[in-house]
Amino acid sequence: MKIKVDLENGVRLAWPTPIFDKKFEDTEDLNRRLVEIIHEKEKKDVGNQKSVAGGWHSTEDLHSWDHPEIKTVVGYITEAVSEITTVSAGVSADKFGADSTYTAWANILRGGGFHRNHTHPGCAWSGVYYVQSGSGDDDIIEHENAGHIEFYDPRHGVEMMPVPGNPFGQRLTFPPEAGRLYCFPAWLRHMVNPYQGKSERVTIGFNVRVDKFEFFPDI
């Protein structure tokens, strides 16, 4: 069904925002190899800053790196995009078609690094796959949301007048975890809070552009 949520006693939630959240299993060996690949790339690629501060952002061609591990992650992204699209559009995967263009890059955050508040213009979906969370039991975390990705309520003006319980305008934070992938609408404003771990935080970010979307009618 299309995105809609009916509550009780005639109350309906309108304009909900989908976020795909999945922990892929048995990714330890995959992630270990991805860290090696990304470190090798960092030695040759000055990258670009974009939203990152206190870290490294590769050029946006990771999706074309010739490694089987990269192809596995692209497969994860494909699964996420397919699922979030079918739920949002309200149709099964065999009832629509589209031309999808993927763009992906690697990120490395070191102590104090963060991603500024931003969106991803020109794309349908964006997301992040966590290769290495970087946080450990021995890390000193001064803030419970340190290093978490944080999403802003996209509705304009929702904080203008208080409502009992403050249900509007609240930010949502999602924790990092190796093997976990988040996918969300590219227009959803987000940031990454300053990372305070001792080791590196390694992630793969991605954008997906969708063209020539079409529905297939029942025959």
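Rounded to the nearest whole Hz, the Karplus-based 3J(HN,Hα) values (6.51 cos²θ - 1.76 cosθ + 1.60, θ = phi - 60°) of region 84-91 follow the sequence 5, 6, 5, 5, 5, 7, x, 9, with x at glycine and proline. Ranked for footprinting exposure by Cβ neighbours inside 10 Å, fewest first, 7, 172 give 7, 172.
As a rough footprinting exposure proxy, the listed residues 151, 215, 184 were ranked by other beta carbons within 10 Å of their own, and the order from fewest upward is 215, 151, 184.
Each residue of region 27-34 is assigned a 3J(HN,Hα), and the resulting list reads 9, 4, 5, 4, 5, 4, 5, 4 Hz, derived from the Karplus form 6.51 cos²θ - 1.76 cosθ + 1.60 (θ = phi - 60°), x at Gly and Pro. Subtracting the Cα-Cα distance of residue 218 and residue 64 from 0.36 nm times their residue separation leaves 51.8 nm of extension gain.
Amide H contacts under 5 Å for residue 22: 181, restricted to partners 5 or more places along the chain or on a different chain, H placed in the peptide plane at 1.01 Å from N. Summary value for region 1-108: 35 percent relative contact order, contacts being C-alpha pairs under 8 angstrom separated by 6+ residues. Backbone amide hydrogens, once placed in the peptide plane, bring residue 96 within less than 5 Å of 216, excluding anything fewer than 5 places away on its chain.
Each reported figure results from applying straightforward, stated rules to the coordinates on display, with no laboratory input. As the structure is a prediction and not an experimental result, all values here were calculated from the model. Positions of Cβ are generated from backbone atoms using ideal geometry, with glycine treated the same way; all protein chains shown enter the neighbour counts.
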